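Below is one structure, written out as structure tokens; comments come after it.
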Amino acid sequence: GSGQAAVSNFKRKPVIVIVVGMAGSGKTTFMHRLVSHTHESNIRGYVMNLDPAVITLPFGANIDIRDTVRYKEVMKQFNLGPNGGILTSLNLFATKFDEVISVIEKRADQLDYVLVDTPGQIEIFTWSASGAIITEAFASTFPTVIAYVVDTPRSASPVTFMSNMLYACSILYKTRLPLVLAFNKIDVAQHQFALEWMEDFETFQAAVNADSSYSSNLAQSLSLVLDEFYKNLRSVGVSAVTGAGMKDFFNAIEASADEYMETY
Ligand code: GDP
Ligand code: MG
């Protein structure tokens with residue numbers, strides 16, 4: 001690290017993996033797969049659920065926001081709709097987050113990863129004060145990496161792909177944490193096209209220009225912004241359903257954690 005006094009007892013483990021992505025990208029299924037993979041590979045994982053509104057989780061969580069905050073009651077008490085209820089629940093949980101950090105610190109020697117699932121609507125976590133507080137609390141105590149899950153089959157159109165990448169880009173610059181793009185659902189569609197677009201922005205521009213529904217000047221400028229963004233991240237193809245790509249994913253997380261230790 002850069003030797004900040006505040007992080008003098010900073011350790012390399014556990015690595016915090018915050019899983020974010022558009023609703024439906026497969027975050028929860030991917031989390032389930034990561035948990036199974038850790039069990040099968042003798043990786044010591046700890047699992048955290050930050051989605052107060054989820055009804056059933058396919059995996060067991062060691063720390064669950066639902067144990068502390070009752071989302072339905074928060075909605076009633078503050079007269080809120082679903083998103084307001086999730087946001088307020090997250091705010092309430094964020095005020096106690098130092099306790100969560102201490103729990104992890106106490107177990108740090110027995111843990112390799114803390115896997116964190118976030119609420120379905122991505123902006124509730126990525127653009128809220130409490131999301132920022134939670135992310136900061138993690139990142140000031142442990143190496144922390146963002147795993148951005150992409151619905152690969154749904155990103156096959158250049159314009160959708162660009163929107164998704166711009167969103168990931170905004171998260172990278174907002175959190176300033178290492179980011180891994182997990183191109184999910186490669187059992188349905190391979191992510192080769194994405195790698196090609198990321199590798200060579202002229203190929204991508206040609207694809208956008210062929211899509212007449214978009215201003216090509218804007219797309220041209222944005223693809224240059226993204227070109228810079230791609231240099232700052234790692235990308236892997238995964239399938240939460242078949243388990244493909246798990247090794248690649250954890251390798252990318254390890255490399256990102258190393259980068260974190262060097263940079264922060
Ligand atoms: P979340 O909203 O991001 O948490 O997404 P979910 O985990 O609930 O998944 C959304 C949908 O995508 C569900 O129908 C999943 O079964 C499906 N899904 C998730 N991952 C994969 C995958 O790797 N392959 C395929 N074919 N479907 C997936
Ligand atoms: Mg989910």
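If the segment from residue 220 to residue 68 were pulled out straight at 0.36 nm per residue, it would be longer than the present Cα-Cα gap by 50.0 nm. Pick out, from 138, 218, 87, the residue whose Cα sits farthest towards the positive end of the charge dipole of segment 78-233, with +1 on the Cβ of Lys and Arg and -1 on the Cβ of Asp and Glu. Highest projection toward the positive end goes to 87. By the rule of a C-alpha distance below 30 Å, with chain neighbours fewer than 8 residues away ignored, the lysines paired with residue 96 are 11, 13, 27, 72, 76, 106, 174. Each label point is 7 Å from the Cα along the Cα-to-Cβ direction; what then is the distance between the points at residue 248 and residue 195, in nm? Reported label-point gap for residue 248 and residue 195 is 0.6 nm. The 3J(HN,Hα) values that the Karplus relation (6.51, -1.76, 1.60; θ = phi - 60°) gives for segment 66-78 are, in residue order, 5, 6, 9, 10, 9, 4, 4, 6, 4, 4, 5, 4, 9 Hz. Gly and Pro appear as x.
Take each of the peptides 141-149, 158-166, 37-45, average the number of other beta-carbon atoms within 10 Å over its residues, and list them starting from the highest.
141-149, 158-166, 37-45
Normalised by 2.2 N^0.38 Å, where N is the number of residues, the C-alpha radius of gyration of the chain stands at 1.02.
For segment 21-106, chymotrypsin sites (Phe, Trp or Tyr not before Pro) meeting the loop criterion (DSSP other than H, G, I, E, B) and having at most 16 other Cβ atoms within 10 Å: none. Using C-alpha pairs under 8 Å with a sequence gap of at least 6, the mean separation divided by the residue count of segment 1-151 gives a relative contact order of 45 percent. Per-residue ellipticity at 222 nm, computed for the chain from helices alone with -39500 (n - 2.57) per DSSP H run of at least four residues, works out to -15500 deg cm²/dmol. For the pair residue 10 and residue 174, the difference between a 0.36 nm per residue extended length and the Cα-Cα distance amounts to 56.8 nm.
When DSSP beta bridges are restricted to pairs lying wholly in the chain, around 0% turn out antiparallel.
Please state, rounded to one decimal and in Å, the Kirkwood hydrodynamic radius that segment 25-131 gives when every pair of distinct Cα atoms enters the mean of 1/r. After inverting the pairwise mean of 1/r, the radius is 14.5 Å.
Any aspartates and glutamates with Cα under 12 Å of the residue 185 Cα? List them, leaving off those in the same chain fewer than 8 positions away. Leaving aside aspartates and glutamates fewer than 8 places away in the same chain, those within reach of residue 185 are 151. What segment 70-198 shows is 43 Å² of accessible area per residue, with the surface traced by a 1.4 Å probe over protein heavy atoms.
The values are calculated or read from the model by the stated rules, or taken from the named source; none is laboratory data. Quick caveat, the model's predicted, so the values are computed rather than measured. Reconstructed Cβ throughout: ideal geometry from the backbone, glycine too, with neighbour counts over all protein chains shown. In case anyone asks, the SASA skips ligands and DNA or RNA and just uses the protein heavy atoms, side chains included. Shrake-Rupley method; radii C 1.70, N 1.55, O 1.52, S 1.80 Å.
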